[in-house]
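Okay, so here's the structure we're looking at.
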Amino acid sequence: PDPKNEKFVSLEAGVNYRSLDRTIVADVGFYFTDWNDRTRTVYDPNLFGVDQGGLVNILGLDARHLGVEAEVAYQPTNLVRFDGALSIGNWKYLNDVVGQYKPEDQSSPTVTDTLFISDLKVADAPQSQIAYAVSVFPLEGLYLRAQGRSYWNHYAEFNPVDRTDRDEAGIQSWKTPGYTVFDLHTSYRLGDIIPVWKGGDVRLFANAYNIFDELYVSDATDNSSFNSFDKDHDADSAEIFLGMPRNLNLGFEIVF
């Protein structure tokens, strides 16, 4: 009854820089967002026991997202360019919240309980990322790029409905190991060397991803209902999804 409207308080600020000779381009930004009085309704099939489901109304699920993002490109000559990008965030729930549990049996009373999620990190995405690349342009229409991508501070997905044990207050969901992958990209426009047709072009491209065949965890679920060993929010209680192994993509693009 009488639910509150959700409220957003958001602030963004940034700086853009362009050198006079355009060899350096840089953008830096800061963001701050409070998401308050958020309400979620979820269904848990085993809330009141095996195959005894119920609805959970989560009231006041407040979260804060803040961080800094930056991009920079440096091209000292027409032959080579360096690129970098950075994103560092701090996303977390702000307070413990109240959950109202409603059994499927409408005659049963609604149960109210506290969900202990204050200061828990918002999960299911890396909060810290960095990318870096070097590109070379040896011929007109041809480029080659080597790129690295690093990710860390990625907390396994969890359901706030499960956080009803006061003894688990403040225990974060499992944090997956950070990882780095490297890629290679190349593209060649035939139209710059071989006349194709007026106004048209043909571009050949090749992309090699994870060239060192890094074994890494790209996503995870905390205290998995399928794979959990002892449900203590560590590696043996998580269900993991491995990232793509080394793979190659070849293709062409026709422009009419």
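The values are calculated or read from the model by the stated rules, or taken from the named source; none is laboratory data. All values derive from a computational prediction rather than experimental measurement. No Cβ is skipped: glycine too gets one built from the backbone with ideal geometry, and neighbour counts run over all protein chains shown. To get the accessible areas, we keep the full protein, side chains included, count just its heavy atoms, and leave off ligands, DNA and RNA. Shrake-Rupley method; radii C 1.70, N 1.55, O 1.52, S 1.80 Å.
May I ask for the Rg/Rh ratio of region 104-179, computed from Cα atoms with Rh as the Kirkwood radius, given to two decimals?
Value, to two decimals: 1.35.
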Check: Where the Cα atoms of region 158-256 are projected onto their three principal axes, how long is each span, largest first, in whole Å?
Finding: 71, 27, 22
Next item on the list: For VAL98, enumerate residues with amide H under 5 Å from its amide H, sequence gap 5+ or separate chain, H modeled in the peptide plane.
Entry: LEU59, LEU115
Checklist line | Distance in nm between pseudo-label sites at ILE88 and ALA131 (7 Å out along the Cβ direction from Cα) | finding: 2.0
Item checked: Protection proxy ranking, peptides 245-251, 202-208, average beta carbon neighbours within 10 Å, highest first -> 202-208, 245-251
Checklist line | Under 13 Å, Cβ to Cβ, from ALA206 - net charge with Lys/Arg +1 and Asp/Glu -1 | finding: 0
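Roll a 1.4 angstrom probe over the protein heavy atoms and tell me the percent of accessible area of region 71-126 that is carbon or sulfur. Kindly include the intermediate steps, with their values, before the conclusion.
Numbers: 1590 of 3000 Å².
Summing carbon and sulfur atoms, their accessible area is 53 percent of the total for region 71-126.
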Check: aspartates and glutamates near LYS231 by alpha-carbon distance under 17 Å, same-chain residues fewer than 8 away left out - which ones?
Finding: GLU157, ASP162, ASP165, ASP167, GLU168, ASP222, GLU239
Item checked: Peptides ranked, highest mean first, by Cβ atoms within 10 Å: ranges 39-52, 117-130, 77-90 -> 117-130, 77-90, 39-52
Next item on the list: Determine the order of GLU168, GLU71 by accessible area, beginning with the largest, at a probe radius of 1.4 Å.
Entry: GLU71, GLU168
Checklist line | Computed log₁₀ I(q)/I(0) - Debye formula, equal Cα scatterers, no solvent, region 1-50, q 0.13, 0.15, 0.19 Å⁻¹ | finding: -0.63, -0.69, -0.81
Item checked: Computed label-point distance, nm, for sites VAL98 and SER19 using a 7 Å Cα→Cβ extension -> 5.9
Next item on the list: Extending each Cα 7 Å along its Cβ direction at TYR74 and SER107, get the distance between those two points in nm, one decimal.
Entry: 7.5
Notebook entry, point to check: Dimensions of region 57-140 along principal axes (Cα, Å, largest first)?
Noted result: 76, 24, 12
Margin query: Cut-off under 19 Å on the C-alpha distance; same-chain residues fewer than 8 positions from LYS7 excluded. Which lysines are left, in chain and number order?
Written below: LYS92
Check: Which log10 I(q)/I(0) values, to two decimals, does the chain give at q = 0.07, 0.11 Å⁻¹ under the Debye formula with one point per Cα?
Finding: -0.40, -0.82
